[in-house]
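Report on one structure; see the data block that follows.
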Amino acid sequence: MSDQKRLFLVDAYALIFRGYYAFIKNPRINSKGEDTSAIMGFMNSLLDVIKRERPDHLAVCFDKGGSADRVEMFEAYKANRDATPDGIKTAIPYIYEILKAMHIPIMVKEGYEADDVIGTLAKKAEKEGYKTFMVTPDKDFAQLVSENIFMYRPMFGGGYETWGIPEVQKKFEVTDPLQVIDFLGMMGDASDNIPGLPGVGEKTAKKFLAAYGSMENLLANTHELKGKMKEKIEANGELGLLSKKLATIMLDVPVDFNEKDFEMSEPDIPKVTEIFQDLEFRRLIDNFLKTFSAEAIAPKTETSQKQDAPKTTPKEEKSAGEGQFSLFGAAPSDSAQTETTSEYTRKTIETTSHFYQSVAPGMATTLFVKNLLNQTSVCFDTETTGLNPLTAELVGIAFSWETGKGFYIPFPQEKEDAQNLIELLRPFFENEQIEKIGQNLKYDIKVLAKYNVDVKGKLFDTMLAHYLINPDMRHNMDVLAETYLNYTPVSITELIGKKGKNQLSMRDVPIEEQTEYAVEDADITLQLKEHFEKELGEANTQKLFDDIEVPLLRVLAAMELEGINLDKDFLNSLSKDLTKDISNLKQEIYAAAGQEFNIASPKQLGIVLFENMKLVDKPKKTKTGQYKTGEDILSYLAKDHEIIQKVLDYRGLAKLKSTYVDALPLQVEPSTGRVHTDYMQTVAATGRLSSNNPNLQNIPIRTERGRQVRKAFVPRDENYTLLAADYSQIELRIIAALSKEETMIEAFKNGEDIHASTASKVFGVPLEEVTREQRSNAKTVNFGIIYGVSAFGLSNQTDLSRGEAKELIDTYYENYPKLRAYMSEQVDFARDHGYVQTVLGRRRYLKDINSRNAVVRGAAERNAVNAPIQGSAADIIKIAMINIYNKLSHGNFKTKMLLQVHDELVFDVYKPELEDMKTLIKTEMENAFVMDVPLDVEVDTGLNWLEAH
DNA sequence: CACATGTGCAA
DNA sequence: TATTGCACATGTG
C-alpha cells in the first residue's frame, strides 16, 4: 500500500481563484504595479502540496475555451459567472512560465474543463495501479472518488482534508460517490448555473437520494410524491436529467496517461528563482529553495492521508525551519545585553532569530522597570482574559525596545496582586517622556484605564499608521507582518484554539508560550513602526497621524469607557407592542397568501409571491437565482396587492424589534449598567469612524415607529441632560468650498435653505415659489451629486422619469458649472496620481481608476469624487472631537462626550454646565476647520436622544 | 459553528 | 446604474 505510486492532479483555476480572493483585501502589488496575488496564492498552494506530500507524479490541469459540450446542452451554463478579474487574467501566463521552469507537466485540452481532464486522467491512472489525489476545493469532484481516487482539499487557515469513499458517503449521505452527480443535479449549483429541480435544496435532495437512489428512479416514481412538490417535479423531469448531465464530469477526454509525462523532475532552479525575483517574491524563493533543497527531496514513503477531520500542521514546519528553541534557567552570560538583564529573568526563549525573556516576580520586576525607564521609546502589548476591556483582566504585558529582543511580565490572577504589580509599572506608563508603541493602542489604553493607569507620552499605533498609508487594506498585525516583514507570526488561534467550545483563556497557556507569543507581537510591532515611520513621512501624512488619529484614539477610548445610559424598561414595553402588531400582521399575511410560511425568509417569500400567487409576470432575480423581494421592488407592487403592504409593514416591525428594541438591552454592560460601543478607527476607507457591538450609528430616525428607539437613550441621571450637535449639510458645504462654486457658496453664506435654493435655480422659479416636491427633488440631486449619481439612479430615487432625471442633472450642472469642473479635476488627479485626498491630506488610492472595464472604472471615478468629500467631513469632525475633549478635560467639566454619528456629536451634559457647553461645543465644531463656506452647527437638548434633535 | 446572502438601518 | 458602514435572519457546509 505504502509503495503504491501516487499521482497528484491539480485543479489550477480553482486554486488560482482561491489564492486571488484570499489576498483580495491586501493584494500583492509589486513595484511595477502588477497584481501578483493570484500567482502568489497558487504557488503557495502548489509548493505546500509538494512539500507535504512529495508526489512522484504530478500535473497541473487548466481549462481552455470552456466546455463546448455543456454549453451546447444548456446555453445558460456558467452564464452567471462574473468576468474573470484582471488580476487573474494577467497571472495565467506567469503561472505557465513558472510551471514550465519547474518542469511540471501542464494539462489542457481545448473545449474541455479541467474537471473532465482530471477525471479522465484519474480513471486511467487507476487502471495503471496509481493512487490519485485531485487537488481542488471543488466538491463536484466527489463524484470521482473511489478506492484509489481521493480529493485533496486545501482548507482555509492551512492544512488539508482528504476525502475518500467514507468521507463522501458521510458528507453527501450517499452509498456510492457516483450519486453525488444525482445530488448536484437535483439541488442545482448557482455558481455553475446548473438549474437543478425547482424547489429542491440540499435537504430534499438527500431525502430523495435515500429513498430513490438516483434522478432517474425519482422521476420514475413521482406518483409516490405529494402536493406541489409532485407537480413541480413531474413538470421538470427533463430539466432534472439535463442538470444531471451538466453536473457529470466527463471521463472520455482524448488525453493519454503516459506515466513518464507526469514524473516529477528537478526544477530549473535558476530559472524559477529568476521569475520569482522578477515578480518580487522574496519569501516564496526561500520557500521554493527549501522545498527543493537536496535534503528536502529525500524520498517520503508514507502518505500523510488523514482519516478524519482536517488537522493543520504549520507548527512543526516552523520549528523545523528555524530550529527548536531552547529553555534556559537563566540568560547566557556571554552577551553584553543579557548581562544587564539576566538578573531579573527566570526563563529565556532563544532561537536563531530572537531572544525573549519572562521576568520573574518580586525584586526582578523592580529591576526591570528601572531598565524600562531608561528607554526613550518602548513597544508594549497587553495580554488579557478576553476581548472586552471592561471585564478583561491582565494576564501579562510584553515589552520590546530592540528588534529581536523583548520581555514579558506575567500577571497574577489575584486582583490585589495584579494591582500591586501594575503599580510597579505605573511610572513607565505615566511617563510623559517615553514614547509608547503598540498595535491598536486604544484597546491597551482601555484595559489599563480599568487598573487606573493613564497611558501618557507620545504614542505610535502601527494599525493607525497603516490605515493612513493605505486605508483600503486590512491592518491586522498578522497581515502587516506578512506584507512588510515577510514573517508569519504565531497566530492566536494556534495558542488558544478556535473560538467557541473549548477555547482556552490566555491564562491557561503555559508561561513559556505566552512569552513567545506576546513578546513576538511586541517585537513585530516595533519592527513595523520602523517601517511605517518612513512611509508616513513619504506620504506626507505624518501630521494627520500625529495631530488627528493618535489624539483621537485617546478621545475614543474615553468615550467608549464612558458608555451611554439606556432605558431598558422603555424598550421592553416597545417590544411588547411590536410583538402584538407583528403577530397580527403575520396572520393577515398567511390569510392573504392562503398558506403559512416564513415571511422573514426572502427565499420562501419570493416563492409564495411570485410562484404561488404569481403577482408579477416577470419577477426580478438576484445573481444567485432567488426572487428579489427588497423594499424598492415590493413598494412598486404595493398598490396592486394588499398582501405587499402587509409584508412591508411586517418586515419593518420585525427589523425594528430584532435589531434594536430586543438587541440593545442585551448590550448593556452589567459592570457599568451602560452601553459601550466600540469605535473602529481603521475600517472606513474614507476616514470615517464605524461603530459596533452595538452599532450606535444606525439607530432609526426616519419613521415614526423607528425613532421611538431614540427615546431609550437617556442622560446619566437627573442631574444631566442629553445634548446633540449636528453639522448642517457639511458635505455640501465642503464640495461648494472645494469647487469654489460661488452661487452655492453665497447661498450658504446667506444662510439660505440650500435645497430650496437649488430648486429655485434648477426649476427657474423664485425662492418663495419652490414647491415641496421641487425642493425634495433638488435635495435628492444635491445628495446624489456627492455620490456620483446617474440619470438612472436619480429616476429610481424619485418619481422622475429617466428623461426628466437627465434633464434635471444637466440643468443642475449648468447652474453650478464649477461643481462639474471640480468633479472632473478629481478624476483627472486620480488618474495621474493614483489617489485622491482630503483637506487634511488623507489619501485614498484608487487602483481601478484606469481600468478598461467601464463598470469598475466608473465606480473608481465616483470614489474619486466622493472620498475627498466624505473624508474631509470626517477630518473636520475629528478635529472638533479632539478640541472639545481637551477643553472638557482641562476645564474639569463633568460633561462627557458620548457618541459620534458622522456629522453629529452627543453629550451627557451636567446641567449646571449646560449654557457653557452649548457655546463651547457649537464654537469648537464650527471653527474646527476654516473654509470659504461657514460651517453651521445645530445644538439641541432633551430628556432623551430623540428630544435632543 | 462559520460563512454567505438578502435585506435594511444610519450618515 | 449613488457613498460609507453594521447587524439581523436564513440557509448552508
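Some notes on this structure:
- Residues of region A:458-493 satisfying the condition of being within 24 Å of A:Ser377 (Cβ to Cβ), surrounded by 16 or more Cβ atoms within 10 Å (Cβ to Cβ) and touching a strand residue (DSSP E or B) at 6+ places or on another chain (Cβ under 8 Å): A:Leu459, A:Phe460, A:Asp461, A:Thr462, A:Leu468
- Residue list for region A:235-277, filter: small (Gly, Ala, Ser) and surrounded by fewer than 18 Cβ atoms within 10 Å (Cβ to Cβ): A:Ala235, A:Gly237, A:Ser265
- Count of residues meeting criterion [assigned to a helix (DSSP H, G or I) and in contact (Cβ under 8 Å) with a residue 24 or more places away in the chain] in region A:649-692: 13
- Scanning region A:602-617 for residues that are in a loop (DSSP other than H, G, I, E, B) and exposed (fewer than 15 other Cβ atoms within 10 Å of the Cβ), we see that the one that is nearest to DNA strand C (Cβ to nearest atom) is A:Asp617.
- A Cβ distance below 8 Å, combined with a sequence gap of six or more or placement on separate chains, defines the contacts here; from region A:621-640, residues that are in the same structural domain as A:Gly652 (by TED's automatic domain parsing) and acidic (Asp, Glu) reach residues that are at pLDDT 85 or above and part of a loop (DSSP other than H, G, I, E, B) in the pairs A:Asp640/A:Leu615.
- Within region A:505-551, the residues that satisfy the criterion of being buried (at least 22 other Cβ atoms within 10 Å of the Cβ), closer than 19 Å to A:Gln900 by Cβ and not acidic (Asp, Glu) are A:Leu544, A:Ile548.
- Some residue of region A:445-453 being part of a helix (DSSP H, G or I) and without any contact (Cβ under 8 Å) to a residue 24 or more places away in the chain: no
- For region A:640-659, the count of residues that are closer than 23 Å to A:Leu946 by Cα, touching a helix residue (DSSP H, G or I) at 6+ places or on another chain (Cβ under 7 Å) and within 8 Å of DNA strand B (Cβ to nearest atom) is nonzero.
- Here A:Lys543, A:Lys498, A:Lys529, A:Lys534 are screened, and the one residue that is in the same structural domain as A:Glu414 (by TED's automatic domain parsing), at pLDDT 95 or above and not acidic (Asp, Glu) is A:Lys529.
- A:Ile599 being in contact (Cβ under 8 Å) with a residue 40 or more places away in the chain and away from DNA strand C (no atom under 13 Å from the Cβ): no
- Within region A:785-794, tally of residues that are part of a helix (DSSP H, G or I), touching a residue at least 24 places away in the same chain (Cβ under 8 Å) and within 6 Å of DNA strand C (Cβ to nearest atom): 1
- Checking each residue in region A:268-281 for being farther than 17 Å from A:Asp35 by Cβ and within 38 Å of the chain's Cα centre (by Cα) picks out A:Ile269, A:Lys271, A:Val272, A:Thr273, A:Glu274, A:Gln277.
- Here the helices (runs of 4 or more DSSP H) wholly within region A:693-757 that include at least 3 residues being away from DNA strand B (no atom under 13 Å from the Cβ) and surrounded by 19 or more Cβ atoms within 10 Å (Cβ to Cβ) are A:730-739, A:742-749.
- Condition met for A:Leu808 (among the aliphatic types (A, V, I, L, M), within 13 Å of DNA strand C (Cβ to nearest atom) and surrounded by 18 or more Cβ atoms within 10 Å (Cβ to Cβ)): yes
- Residues considered: A:Ala859, A:Ala864, A:Ala873. Of these, the only one that is among the small types (Gly, Ala, Ser), assigned to a helix (DSSP H, G or I) and either closer than 20 Å to A:Ser691 by Cβ or away from DNA strand C (no atom under 13 Å from the Cβ) (or both) is A:Ala873.
- Test: residue in region A:622-634 that is away from DNA strand B (no atom under 14 Å from the Cβ) and either of a type in the set (D, E, K, R) or within 30 Å of A:Ala860 (Cβ to Cβ) (or both): no
- Pick from region A:886-910, criterion of a type in the set (Lys, Arg) and not in a loop (DSSP other than H, G, I, E, B), ranking: nearest to DNA strand B (Cβ to nearest atom): A:Lys896
- Residue list for region A:1-22, filter: without any contact (Cβ under 8 Å) to a residue 40 or more places away in the chain and crowded, with 22+ Cβ neighbours inside 10 Å: A:Gly19
The values are calculated or read from the model by the stated rules, or taken from the named source; none is laboratory data. Since this is a predicted model, take the numbers as computed values, not measurements. In this analysis, Cβ positions are derived from the backbone assuming ideal geometry, glycine residues included, and neighbour counts consider all displayed protein chains.
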